[in-house]
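Worksheet: one structure, shown below.
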Amino acid sequence: MKVPDARVVMAGYSAGLLSDLDGLLPPRSVLVLEEPEIIRVRRVHERAADFACLAGVLPAATQDEDGAVPMAAGMPRPEGVRAVIPGVEYGVVAAAALAAEWGLPGAGLPAARILRDKLALRDAAAAADIPQPAWRPAYGAGDVAAFRAAHGGACVLKPANRQASLGVQLLGPDDDIGAAWARTATADEPTLRAAHAIPGRYLVEQRLTGPEVSVETLVREGVPVFFNITAKSVQPGRHPVELGHVVPADLPSQTGDALHAAMSSLIKATGFECGILHGEWILVDGVSPHLVECAGRGPGDSIDTLIDLAHGGSLLERMLTLLQGETPALPQAPVRAAAIRFLTAPHGRVREVTGTERAAELPGVLEVRVAVAKDGNVAAVTNSWERPGHVVATGATAQEAAETAERAVAAIAVTVTDDVEGATDAGTGDGAE
Ligand SMILES: Nc1ncnc2c1ncn2[C@@H]1O[C@H](COP(=O)(O)OP(=O)(O)O)[C@@H](O)[C@H]1O
Ligand SMILES: [Mg+2]
């Protein structure tokens, strides 16, 4: 196989990441490896050609997690390669396998496998006494019903290896478990996940309550060297899709310390070596971090942008430096705050979207994106891809940034005609939670 030379290899195509790398790397620096099926469905050759940093796109079995080692062994090493990064959640294991094969810093294959499997992650966290909800694997509706009955009539049903809240359902005592199981078992993202990729596995968890946060940390040789806490809000109801994030989270220092300790334990428990982690935690009773999940890649939902706005510099550049075996300059503390807020809209056929310009002109607002347009559909949001848009704002404090983002969202009005069936037309972004 002829491989174009490249400094960085990306396992799984991400337009967002390529766009960011355009600002950091010389032309023709990045080789994208992607599943043939995804290359076709997402027209990757055509779309990736827009980025100057692209060196080429090669078909590879980046989602065949069981076959990751032979895939890496069979992949010719680009002569100048200095770093391997996962472009998408489904490329985390492939990136780790390639880095290991080529002798470059990376997650480490055992850690990557744990981070791609919520059941394996629960086992690893339990072995390290990291607080987390009770859980068990679920093979059918009966398992979910039994677990719910044993846990006070509430539970969370989720796939073990998806993202973006796809198929995640918060269930109460009166919810129909058979219907819920059917919905979770069929939740998929065919434009991002290859059909041959590992089959779905599911788990059911105790339902925790409390403020939700994520922790983004850069890790070098198993040691966290940068640490950020993001506050998150989630839409109410059965489908816990993120509604907003604020950096830095406004938390007492003891809670920050507890999160730092919990995340450090998790790094040890997984054996994660080098790169970035995006860990999600619920603060039970407002103070005690309990693990929701952890991804072995950069955060989605523009959290990386919020971190850059708040801390200065580029999280991606720092991660790339680490993955090249070097030590980046790291910021000490945030210098301002930044927030993203996702739009919500009534369900139906869109008649009009107003207020977008007014929102964009508000002081502190940096970005307004509306993903629905006249005559498009808006339906119930059940995963991150279906959200109808977002705004990004900054402020001197977390509260100010969050309030500005909320004001901007409130300025935008989506009016709809009578109800229509079907999914929201918002389309697929790159990298959610
Ligand atoms: N055990 C739990 N208790 C309460 N809420 C949960 C629990 N597990 C997940 N959630 C909610 O569901 C969301 C999505 O679940 P998560 O495990 O993070 O899956 P995904 O990989 O799709 O993001 C979380 O951000 C959180 O809001
Ligand atoms: Mg999540």
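What relative contact order, as a whole-number percentage, does segment 8-104 give when Cα pairs under 8 Å and 6 or more residues apart are counted?
Numbers: 165 pairs, mean separation 34.2, N = 97.
The normalised contact order for segment 8-104 reaches 35 percent.
State to the nearest 20 debye the size of the charge dipole of segment 251-404 about its Cα centre, where the only charges are +1 on K and R beta carbons and -1 on D and E beta carbons.
Values: 11 positive and 18 negative charges, 63 e Å.
Rounded to the nearest 20 debye, it is 300 debye.
Restriction of the trypsin sites (Lys or Arg not before Pro) in segment 1-75 to DSSP coil positions whose beta-carbon has at most 13 other beta-carbons within 10 angstrom yields Lys2, Arg43. If you model segment 339-416 as an ellipsoid using its alpha carbon gyration tensor, with each semi-axis the square root of five times an eigenvalue, the axes come out at 23, 13, 8 Å, biggest first. Multiplying each eigenvalue of the alpha-carbon gyration tensor of segment 208-335 by 5 and taking the square root yields semi-axes of 23, 16, 14 Å, largest first, rounded to whole angstroms. In percent, rounded to a whole number, the relative contact order of the chain is 14, using alpha-carbon pairs under 8 Å and six or more apart.
Please state the equivalent ellipsoid semi-axes for the chain: what are the square roots of 5 times the Cα gyration tensor eigenvalues, largest first, in whole Å? Each step should come with its number before you reach the end.
On the way: eigenvalues 184, 140, 115 Å².
Listed largest to smallest, the semi-axes of the chain are 30, 26, 24 Å.
Return the percentage of antiparallel bridges among DSSP beta bridges fully within the chain, rounded to the nearest 5 %. Roughly 80 percent of the beta bridges in the chain run antiparallel, per DSSP. Shape descriptor for segment 111-169: Rg over Rh equals 0.97 (Cα atoms; Rh from the Kirkwood inverse mean 1/r). Remark: segment 291-299, residue by residue, has Karplus-estimated 3J(HN,Hα) of 6, 8, 6, 8, 9, x, 7, x, x Hz, where x stands for each Gly or Pro and the curve is 6.51 cos²θ - 1.76 cosθ + 1.60 at θ = phi - 60°. Taking a sphere under 13 Å around the Cβ of Leu283 and counting the other residues whose Cβ falls inside, with K and R at +1 and D and E at -1, yields a net charge of -4. Descending by average beta-carbon neighbour count within 10 Å, the peptides 56-62, 83-89, 360-366 line up as 83-89, 56-62, 360-366, the highest first. Short to long, the 10 Å bins of the Cα pair-distance histogram for segment 134-205 hold 21, 54, 21, 4 percent of all pairs. Over the chain, DSSP H runs of length four or greater, each weighted -39,500 (n - 2.57), average out per residue to a 222 nm ellipticity of -8500 deg cm²/dmol.
Throughout, read-outs are computed from the coordinates displayed, never taken from laboratory work. Keep in mind that what you see is a predicted model, and the values were worked out from it rather than measured. All Cβ positions, glycine included, derive from the backbone under ideal geometry; neighbour counts span all protein chains shown.
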